[in-house]
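Colleague: The structure is given below, and queries will be raised subsequently.
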Amino acid sequence: MNGTESNVPAGGSGIAGSPPIPDEGLAGRRALVTGGSRGLGAAIVRRLAAAGATVFAAARSAPPEGSLPARFFTADLADPDGARQLAERVRDAVGGVDILIDNAGAGSAPADTLTRPLETWRSDLESNVLSAIRLDQELVPGMVERGSGVVVHVSSIASHLPQPGQAAYAAAKAALNSYSRSLAAEVGPAGVRVVCVLPGFIATPGAIAHHQKIADSQGVSLEEAQRGLATRLNVPMNRPGTPEDAAELVAFLVSERARWLTGSQFRVDGGILAQV
């Protein structure tokens, strides 16, 4: 694992050109967002910084210099030493965190379940479950000792609605959901909350690139291709969500407004999952 970092101003009262964020009790709170260099992670970084939090972001590759209102650390959390080294840097910088967003995750290439190589099962578990567990073990004890803190595990609606060829990813995210509930029960008496966020059909840059390929192959516009996908997925809102839509939910869950919420799963999927 590489130990480089870039120094981008952390925290702040807002983002240039955006409306002010009302006081949410996040001013001065220390937050770490993994997978924070792009997509949903970057949107969460910006949203928490706009609310006044001091934000650290971590990912395997650095974002463009100055693009995020956070101090950035390169970290490969699939590496068994990655979580320990990242936690050490954060503790050296600010002593610990009040908010931990375990957003890092990835899925292996689609494959038939019965012929999928066992190594892809291991890699999906490493990326989506063990990486979060390792970092939690490093940083959540400090929250317990201080008597407060919030952990958000970013899962996926795939944990409830597996797509063809994605059994390993779906199983890993389902394991993350169960782990989150268990951890919430253990650390709740100490004043630490743990919640799960389940995004679905979010138009991250990577997803948009995939949607554009579909549009090009069909000879239609990007918007038409996205509406077609929304129809196929039975999305009542008939469009993809944005990373900012999911970041708003995360900001609420880590705020004092959500102080009675723990051990639960919160979907941000435009209504794809037909559950009551």
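The values are calculated or read from the model by the stated rules, or taken from the named source; none is laboratory data. On a predicted model such as this, the values are computed, not experimentally measured, just so you know. Positions of Cβ are backbone-derived with ideal geometry, glycine not excepted, and every protein chain shown enters the neighbour counts.
Colleague: Under 8 Å by Cβ, and 6 or more places apart or on different chains, what pairs join a residue from segment 111-126 that is exposed (fewer than 11 other Cβ atoms within 10 Å of the Cβ) with one that is at pLDDT below 95?
Modeller: Asp112/Gly165
Colleague: Still on this structure, I have one more. Does Arg84 satisfy the condition of being surrounded by fewer than 21 Cβ atoms within 10 Å (Cβ to Cβ), out of contact with any Asp or Glu (no Cβ under 7 Å at 6 or more places or on another chain) and more than 23 Å from Pro243 (Cα to Cα)?
Modeller: No, not satisfied.
Colleague: I'd like the residue in segment 15-60 that is closer than 23 Å to Pro205 by Cβ and at pLDDT below 85 and, out of all such residues, is surrounded by the most Cβ atoms within 10 Å (Cβ to Cβ).
Modeller: Among residues in segment 15-60 that are closer than 23 Å to Pro205 by Cβ and at pLDDT below 85, the one surrounded by the most Cβ atoms within 10 Å (Cβ to Cβ) is Ile15.
Colleague: Report yes if Gly107 is in contact (Cβ under 8 Å) with a residue 24 or more places away in the chain and surrounded by fewer than 18 Cβ atoms within 10 Å (Cβ to Cβ), otherwise no.
Modeller: No, not satisfied.
Colleague: Looking at segment 216-237 only, could you name the residues that are touching a residue at least 24 places away in the same chain (Cβ under 8 Å) and not small (Gly, Ala, Ser)?
Modeller: Residues satisfying the conditions are Leu229, Leu233, Asn234, Val235, Pro236, Met237.
Colleague: I need the full set of residues from segment 178-199 which are within 24 Å of Arg38 (Cβ to Cβ) and touching a His at 6+ places or on another chain (Cβ under 9 Å), in order please.
Modeller: Once the filter is applied, which keeps residues that are within 24 Å of Arg38 (Cβ to Cβ) and touching a His at 6+ places or on another chain (Cβ under 9 Å), segment 178-199 yields Ser180, Val195, Cys196, Val197, Leu198.
Colleague: Hey, does segment 145-165 have a residue that's buried (at least 24 other Cβ atoms within 10 Å of the Cβ) and either polar (S, T, N, Q) or without any contact (Cβ under 8 Å) to a residue 12 or more places away in the chain (or both)?
Modeller: yes
Colleague: Please go through segment 257-276 and give me each residue that is surrounded by 15 or more Cβ atoms within 10 Å (Cβ to Cβ), of a type in the set (Val, Ile, Thr) and not in a strand (DSSP E or B), ordered by number.
Modeller: Thr262, Ile272, listed by residue number.
Colleague: A further question follows. Is there a residue in segment 246-256 that is in contact (Cβ under 8 Å) with a residue 12 or more places away in the chain, of a type in the set (Asp, Glu) and surrounded by 14 or more Cβ atoms within 10 Å (Cβ to Cβ)?
Modeller: yes
Colleague: All but one of (1) of a type outside the set (Phe, Trp, Tyr); (2) in a loop (DSSP other than H, G, I, E, B); (3) more than 23 Å from Arg91 (Cβ to Cβ) hold for Leu26; which doesn't?
Modeller: Looking at each condition in turn, Leu26 falls short on (3).
Colleague: Which of the residues belonging to segment 218-246 are touching a Gly at 6+ places or on another chain (Cβ under 9 Å), farther than 12 Å from Gly271 by Cα and assigned to a helix (DSSP H, G or I)?
Modeller: Gln218, Pro243, Asp245
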